[in-house]
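Each remark here refers to the structure printed beneath this line.
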Amino acid sequence: MLSKKSTLTLLTVTTVTAALLAGCGNSNNSDTANAGASNASTTNAGSNAASADPTAQQVEFSFYFTGSENVKNLWDTVIPMFEKDHPNIKVKEVYIPSGTGAQPTYDRILAAKQAGKGSGGIDLYEDGLSNVTQGQKDDLWETLDPAKISNLASVDANTMKDVSNLAIPYRSSAVVLAYNSEKVPTPPKTLDELFAWIKSNPERFAYNDPSTGGAGSSFVTTALYDKLSEDAIHNSDPSIEKEWDKGFETLKDLGKYVYGKGIYPKKNQGTLDLLISGEVDMIPAWSDMALEQIGNGQLPDTTKIAQITPGFNGGPTYLMVPKLSDKKDAVNEFLNFVLSPEAQAVVVTKMHGFPGIELSNMPQDIQDSFKGVAEGFRTFNIGDLGNEINKRWQSDVAAQ
């Protein structure tokens, strides 16, 4: 159960979010009357159901993940919790900082399979939807079995269906506008309004190089798909690339109005640092990073967040198990713990993220704090086209 202090912090930041995220509403809050009983049984299943025999030999598996520092802080908290309850399982963390490129990890798993060398020493991998779908094509991921990971029953069935049970959506977040409310009393509500604001306020807006962080990538992708059909954001066919021309022209034109007349910081934190220093007044940012830094005082208390309509992209971050890993039993134990309310509470309080499990499985205070918060974004599923966007952005926008 959360401490009073943790709950207060959560309620504070989520109240800010609820007031500012547009078009929100949560469908998972209707069945809460019996949450207490179900929470108790799910928590026990996640924490104690399969603790290792203390006389057995310790098993170590390797977990590769990437992201900003808050992602590392999350796993630095959750993993010791798991190892305390499972003393015969050791999780070896391999952290790849955001912006340094996680693709080599995927390539290593694929190369090991092709060379007949198992999973390349990688037993668990965290990444986004594009690598879930690419791994499905390359037949890299294990199909996850609810009989072996009982807490999968707590995840929305449609979310699991979207990824053919090949990945666990253990947390979610969304890209939003983070802005200085003293300088921006009324934030833009649409992408066209945002473009107009950028032009009316030269050098007061920044977005990061899209190849170095998801916030900048979301801004670029949203611009490219702004006038395309809604189905386009779920289309990975390369033929759609010819429809990006107008979006790239818009981004190229905006270059002379953004920070430094065309300076694009590295990583998601790069633009947050500009907002912290007051060099800009508005940026696209991940909701969890912005809320965390508002909560701990890194960002000024005048910082607020808002979603545009249609929204920037958002959605889950996934955990995948390489099919050729020889540590799958231990990994399944860990995944079951990650999906327990105990571990999911850390996702909420430490990362200010949306839980990966349905809210009805969380304690009532967390359910209440997320009312009207956990939606308002769109999920983009464009496969490998994201890499092509980054290449073309470098030549058509950054190089200008």
Amide H contacts of residue 156 (H built 1.01 Å from N, under 5 Å, at least 5 apart or other chain): 358
Probe radius 1.4 Å, ligands and nucleic acids ignored: give me the carbon and sulfur share of the accessible area of region 262-400 as a rounded percent. 47
State, as an integer percentage, the relative contact order of region 149-227 based on alpha-carbon contacts under 8 Å between residues 6 or more apart. 17
Give the separation of the Cα centroids, region 251-326 to region 115-194, in Å. 18
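Tell me the Kirkwood radius of region 133-250: reciprocal of the mean inverse pair distance over distinct alpha-carbon atoms, in Å.
17.7
For the ranges 290-297, 141-148, what's the packing order if you count other beta-carbon atoms within 10 Å of each residue, average per peptide, and put the highest first?
Highest to lowest by the protection proxy: 290-297, 141-148.
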Descending packing, highest mean Cβ count within 10 Å first, for 339-351, 228-240, 205-217 is 205-217, 339-351, 228-240
Can you flag which of 242/391; 189/266; 304/350; 90/148; 117/267 are past 22 Å Cα-Cα? 189/266; 117/267
Run down the aspartates and glutamates and flag those whose C-alpha is under 13 Å from the C-alpha of residue 323, throwing out any fewer than 8 positions away in its chain. 123, 138, 139, 142, 145
Does region 306-400 classify as rounded, prolate or oblate by the C-alpha gyration tensor (a ≥ b ≥ c root eigenvalues; a/c under 1.5 gives rounded; else a/b over b/c gives prolate, otherwise oblate)? oblate
The farthest towards the positive end of the charge dipole of region 65-165, of the residues 116, 89, 132, given +1 on Cβ of Lys and Arg and -1 on Cβ of Asp and Glu, is 116
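Write down, largest first, the equivalent ellipsoid semi-axes of region 226-267 in whole Å, where each equals the square root of 5 times an eigenvalue of the alpha-carbon gyration tensor.
26, 12, 9
May I ask you to give the solvent-accessible area per residue for region 96-146, in square angstrom, as obtained with a 1.4 angstrom probe?
Accessible area per residue, region 96-146: 43 Å².
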Would you work out what percent of the accessible area of region 114-229, with all protein chains in place, is carbon or sulfur (probe 1.4 Å)? 45
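The values are calculated or read from the model by the stated rules, or taken from the named source; none is laboratory data. None of these values were measured; they are calculated from a predicted model. Heads up, the Cβs are rebuilt from the backbone with ideal geometry, glycines too, and the neighbour counts pull from every protein chain shown. The protein model used for the area step is the full one, side chains on, heavy atoms only, and it has no ligands, DNA or RNA in it. Shrake-Rupley method; radii C 1.70, N 1.55, O 1.52, S 1.80 Å.
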